[in-house]
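To start, the structure itself, in structure tokens.
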Amino acid sequence: MILFTFPSYEYIGSALRKSPDHKKGAFAANRYPNGELHITIGTDVRGQECVILGTIAPPDENFTSFLLLADTLKQQGARRVTALLPYLAYARHDKIVNKESLATAWVGGLLERSRIDAITTFSLHSDEDREYIPLPINSLSLSETFAQIIIGRSLTGATLVAPDEGAIDRCEAVKRVAEMETSSISFKKRHTKAGVTLSQPSGSVTTDAVIVDDMIDTGQTLIACCKKLKALGVKRITIMVTHGLFTGTAWTQLWNMGVERIYCTDSIPPTLIPKDPRITIIPIAPLLQSGRSY
């Protein structure tokens, strides 16, 4: 297997290449004098299985470079090309809304047209993504990892919380692995002009709560969730998410709402994650190495 790693994900690529069946793929993304992008490959890929490790998240140059590299590998005779995208950007744009773009489908079409054979990612946002992206998607779960943290921190008696309906399955998976006997609750979410509003949950809570979701971006959903939990009597909150985008500063309000710690993975480069001792970053390279999951 030949692994082509974009510079921002070299911290994962270097760990994966410790395996003897991984060869480093050489490539360069440069621009002609007029600014047009082009890819140069320095590794013979004819008949080989190739994996591209990187991102299609903004800035848009990331997306263009990723697609062009994939197409170039196939053009040069690669037998198979897998897109290893720890964070699958545009996966949230999966709802049909009048007069708005359906970016998930658009991105899926471009990935397919660039001759990518399959995608490996972490915590796919929704089942709709599989409908709109016409490629096999291997979505790796963090349920085992989160469950071990819950056990290690003696939080098996805490209430598991899904901040919206899309997170229910994630919560239930963690609950099963951790063998938690406490109840779990969920909220129904609505977007309004005033922001995110959540319904009242069904079920009771304990003084400790663990929120499980796929990401923290601006933090608006989690802020609304923590407000509800505080009103219900929850004193201590732990947040576990796969992707830590931490956009803007609104999310910092969480520290004043009973949140003691946030866990996220390095699916987003750690250089982009705020340096705060209350944020614990979980490396995903060991999860990718175990059992060759891509």
Among (1) assigned to a strand (DSSP E or B); (2) touching a Phe, Trp or Tyr at 6+ places or on another chain (Cβ under 7 Å); (3) surrounded by 17 or more Cβ atoms within 10 Å (Cβ to Cβ), PRO86 falls short only on (1)
- Message: Yes or no: segment 190-197 includes at least one residue that is surrounded by 14 or more Cβ atoms within 10 Å (Cβ to Cβ), touching a Leu at 6+ places or on another chain (Cβ under 9 Å), farther than 30 Å from ARG115 by Cα and of a type in the set (Lys, Arg).
- Response: no
VAL212 passes all but one of the listed conditions (1) in contact (Cβ under 8 Å) with a residue 24 or more places away in the chain; (2) in contact with a helix residue (DSSP H, G or I) (Cβ under 9 Å, 6 or more places away or on another chain); (3) over 16 Å from PHE146 (Cα atoms); the exception is number (3)
Screening GLY233, GLY248 for residues that are in a loop (DSSP other than H, G, I, E, B) and more than 29 Å from TYR9 (Cα to Cα) leaves only GLY233
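Could you identify the single residue in GLY244, GLY203, GLY166 that is under 24 Å from TYR90 (Cβ atoms), of a type outside the set (A, V, I, L, M, F, W, C) and at pLDDT below 95?
Numbers: GLY244 fails: at pLDDT below 95; GLY203 fails: under 24 Å from TYR90 (Cβ atoms).
Residue meeting the stated conditions: GLY166.
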I'd like to know if segment 141-151 contains one or more residues that are in contact (Cβ under 8 Å) with a residue 40 or more places away in the chain and in contact with a helix residue (DSSP H, G or I) (Cβ under 6 Å, 6 or more places away or on another chain). yes
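Tell me the helices (runs of 4 or more DSSP H) entirely within segment 112-216 that contain at least 3 residues that are within 20 Å of ILE281 (Cα to Cα).
Numbers: elements: 127-132, 143-152, 168-178.
So the answer is 143-152, 168-178.
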Subset of segment 60-81, residues within 17 Å of the chain's Cα centre (by Cα) and either part of a strand (DSSP E or B) or not polar (S, T, N, Q) (or both), comes to PHE63
Apart from one, (1) under 17 Å from CYS225 (Cβ atoms); (2) at pLDDT 95 or above all hold for ALA173; the odd one out is (1)
Those residues of segment 251-294 that are under 17 Å from LEU85 (Cβ atoms) and in a strand (DSSP E or B) come to a total of 2
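Residues of segment 39-49 being in a strand (DSSP E or B) and without any contact (Cβ under 8 Å) to a residue 40 or more places away in the chain, which ones?
Going through segment 39-49, the residues in a strand (DSSP E or B) turn out to be 39-41, 49.
If the condition is that a residue be in a strand (DSSP E or B) and without any contact (Cβ under 8 Å) to a residue 40 or more places away in the chain, then ILE39, THR40, ILE41 are the ones that fit.
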From the option list GLU61, GLU36, single residue qualifying as acidic (Asp, Glu) and touching a residue at least 24 places away in the same chain (Cβ under 8 Å) is GLU61
Reported set for segment 148-169 where residues are small (Gly, Ala, Ser) and crowded, with 21+ Cβ neighbours inside 10 Å is ALA158, ALA162, ALA167
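Of the residues ALA209, ALA250, ALA224, which single one is more than 23 Å from GLU172 (Cβ to Cβ) and in the same structural domain as GLY152 (by TED's automatic domain parsing)?
After applying the criteria, what remains is ALA250.
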Going through segment 2-15 in order, the residues found to be in contact with a strand residue (DSSP E or B) (Cβ under 6 Å, 6 or more places away or on another chain), more than 15 Å from THR265 (Cβ to Cβ) and assigned to a helix (DSSP H, G or I) are GLY13
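The values are calculated or read from the model by the stated rules, or taken from the named source; none is laboratory data. Computed from a predicted structure; not experimentally measured. Glycine gets a Cβ as well: all are built from the backbone with ideal geometry, and neighbour counts include every protein chain shown.
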